[in-house]
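Written out below as structure tokens is the structure these notes cover.
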Amino acid sequence: MKSNALVYITTIHKTEDGHFPIEIKTSGIYKKINDYHYVDYEYVDEESDSRIKTLIKATKTRVEVNTSGDSKYHMVFDKNEEHISRADIGQLQTSIKQVTKKVSLEETNDGIILFIDYELFRGKELMTSCEMIIKTEYTER
């Protein structure tokens, strides 16, 4: 099944300085192949004015996020697991440890809802705790 879709992403970064939400709303393509859900979309980052192309591959227990364009990273979220991600943002290249606490995927009549609860570390230092919600609504089938 392949469908045009609206994609809503909300990420809340929680630090000792407060909660910082990032919201993206864009159009994209949703596909389901066997037990895998794919969400493909593109957006322009408001702060850097850079174009980011993103592909999400998800199951009920695992989410992978791949970006390309002006910002490149690959993140993997598996419940109760750690992964090291490499991010290339402009001239900055860094490795970040992700600790995933929860991953869930809900299928609705109108699309899917992904929820990811995770922490990001640089070395042993906690940078931020995050909650990400990715909601995909079909616009046509």
I need the full set of residues from the stretch 97-115 which are more than 23 Å from M1 (Cβ to Cβ) and among the aliphatic types (A, V, I, L, M), in order please. V99
Which of the strands (runs of 3 or more DSSP E) found entirely inside the stretch 2-91 contain at least 2 residues meeting this: touching a residue at least 40 places away in the same chain (Cβ under 8 Å)? 2-15, 18-33, 36-44, 51-58, 62-69
Select from the stretch 1-33 the residues that are in contact with a His (Cβ under 8 Å, 6 or more places away or on another chain), surrounded by 14 or more Cβ atoms within 10 Å (Cβ to Cβ) and of a type in the set (A, V, I, L, M, F, W, C) and list them in ascending order. I12, I22
Quick check on my filter: what residues within the stretch 114-141 are at pLDDT 95 or above and either more than 15 Å from the chain's Cα centre (by Cα) or over 28 Å from S48 (Cβ atoms) (or both)? E137
Taking D35 and the conditions (1) more than 26 Å from F121 (Cα to Cα); (2) under 15 Å from the mean Cα position of the chain (by Cα); (3) not aromatic (F, W, Y), which numbered condition does it fall short on, given that it satisfies the others? (2)
Does S104 meet the test of being surrounded by 12 or more Cβ atoms within 10 Å (Cβ to Cβ), polar (S, T, N, Q) and over 21 Å from T10 (Cβ atoms)? no
Taking the stretch 34-69 as the region of interest, how many residues are loosely packed, with under 13 Cβ neighbours inside 10 Å and modelled with pLDDT of 95 or more? 1
Residues satisfying the stated conditions in the stretch 71-112, i.e. modelled with pLDDT of 90 or more, within 19 Å of L55 (Cα to Cα) and more than 15 Å from the chain's Cα centre (by Cα): E106, E107, G111
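The values are calculated or read from the model by the stated rules, or taken from the named source; none is laboratory data. Only a predicted model underlies this, so the values are computations on that prediction, with no experimental measurement involved. In this analysis, Cβ positions are derived from the backbone assuming ideal geometry, glycine residues included, and neighbour counts consider all displayed protein chains.
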